[in-house]
Amino acid sequence: MPRPIQATLDSNALRHNLAQIKASTPDALVWAVVKANAYGHGIERVFDALRSADGFALLDLAEAERVRQLGWRGPILLLEGAFETRDLEMCSRLNLWHVVHSEAQIDMLAVHKTHQPHRVFLKMNTGMNRLGFAPQAFRAAWTRLNALPQVDEISLMSHFSDADGDKGIGAAMTLFHQFTHDLSGERSLCNSAACLRHAKALAVRADWVRPGIALYGSSPDFPQHSAQDWGLKPVMSLNADIVAVQHLQAGDTVGYGSSFVADRAMRIGVVSCGYADGYPRIAPTGTPVCVDGHPSRTVGRVSMDMITVDITDLPHANVGSEVTLWGMPQKSKVSAQSPYGVAIDEVAQAAGTVGYELMCALAARVPVVVKD
Ligand SMILES: *Cc1c(COP(=O)(O)O)cnc(C)c1O
């Protein structure tokens, strides 16, 4: 028997989340962001459910090639553009649109030989300070690009540093508007947080939005809003079985380092999921799980192949019980106390990280089933 652990991807949840995003920005075209192998879900596994997006955005040429191999003839955007001149040959061959964020990338384009000019997204740095031209340098970059025979239409983009937080997007949007208002071209600004939190109050056009995390059903601004608050459904569920049960007396300990000490008699379920499956090792005692759909918590340290959960108050739980690490139970019914299963955002919060990181870290050894 294969090890009893499984990730399940819910295609209907993906479709639903894409529709939610579209409803939040009804006039915009949608780039479905599928970088990092679709945030750990697998590009091939999500492609069908995301087909009604207007394009796919990613940053790896090999991933762009995979999207073309799936039969996608529509737009594909390389979010970081070319890393070296050779990459532009792939862009020409696969008809990829690409970001231009630096003078070096304009230099590469200027010497690139292509029959078909490229669609480019010129990126402004509005405060993130990772990629993009300074607002004051933006027009010169646009003018330089616009003069190149290798360049077709130029779209204008930026990426917000604070769409999910208190600072918001006001200052970034003002900068963007100030330095682009008289330039022609489509605009692309919004990630998931901006789509959900700010789309209604956007001072500049949103021709293309770029949602990622919301498609996969995690909240971009947890804990301020949960996925349910935004009407998003979890796409990835991680479930594993209890493979052994331990009975503890007060004073007994659990796991490496004896970090958990029982203060009473307890029943402990040993679950076939560990950090080698992508469950965060740093998740402390008390991280939420469901056992046969009922809420419980982890106890003791996460080890490579196992975690331990408290089943003292769940007398029916036993070897073979289904433990939901995040997402929805698959074999058991959800209980009234946890109708939404285990929010990946809550597990991430307990581990001091975000849902993005947990999804991306799902290990290759975990079998994945796609539910239609
Ligand atoms: C990853 C990324 C996005 C998507 O961000 P989410 O927070 O997942 O919605 C959008 N734009 C750019 C440039 C990105 O790199």
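Computed from the coordinates by the stated procedures, all read-outs in this text should not be read as laboratory data. Only a predicted model underlies this, so the values are computations on that prediction, with no experimental measurement involved. Here Cβ is always computed from backbone atoms with ideal geometry, including for glycine, and neighbour counts include all displayed protein chains.
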P(r), alpha carbons of the stretch 236-371 - 10 Å bins starting at zero, rounded %: 13, 47, 34, 6, 0
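So for 314, 70, fewest C-beta neighbours within 10 Å to most, what's the order?
So the ranking, lowest neighbour count to highest, is 70, 314.
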P(r) weight above 32 Å for the stretch 11-216, C-alpha pairs, percent: 13 percent
Mind checking the full-extension length gain between residue 264 and residue 136? Use 0.36 nm per residue of separation minus the Cα-Cα distance, one decimal, nm. 39.5 nm
Please check: in the Gaussian network model of the chain (C-alpha springs, under 10 Å), which one of 13, 193, 137 has the largest mean-square fluctuation. 137
Projecting each Cα onto the charge dipole of the chain (Lys/Arg +1, Asp/Glu -1 at the beta carbon, about the Cα centre), which of 57, 324, 335 comes out farthest on the positive side? 57
Extent of the stretch 123-163 along each principal axis, from alpha carbon coordinates, in Å, largest to smallest? 36, 17, 12
Starting at 0 and stepping by 20 Å, how many percent of the alpha carbon pairs of the chain end up in each bin? 28, 48, 21, 3
Just how far, in whole angstrom, is the stretch 53-80 from the stretch 263-330 if you go by their alpha carbon centroids? 38 Å
Considering only 360, 195, 273, give the residue with the highest GNM mean-square fluctuation for the chain, with springs between Cα atoms whenever their separation is below 10 Å. 360
Sort 316, 159 by Cβ crowding within 10 Å, fewest neighbours at the top. 316, 159
Positive end of the charge dipole of the chain (Lys, Arg +1 and Asp, Glu -1 on Cβ, about the Cα centre): tell me which of 279, 290, 188 has its Cα farthest that way. 188
Quick note on 25, 85, ordering by fewest other C-beta atoms within 10 Å, gives 85, 25
Could you pull out the pairs from 35/371; 123/371; 35/167; 123/167 whose alpha carbons sit more than 32 Å apart here? 123/371
Toy charge model, Lys and Arg Cβ at +1, Asp and Glu Cβ at -1: the stretch 244-303 dipole around Cα centroid in debye, rounded to 20, equals 80 debye
Provide the FRET efficiency to the nearest 0.05 for the residue 83-residue 249 pair, computing r from the beta carbons and using R0 = 45 Å. 0.15
What is the Cα centroid distance between the stretch 349-372 and the stretch 176-199, reported in whole angstrom? 30 Å
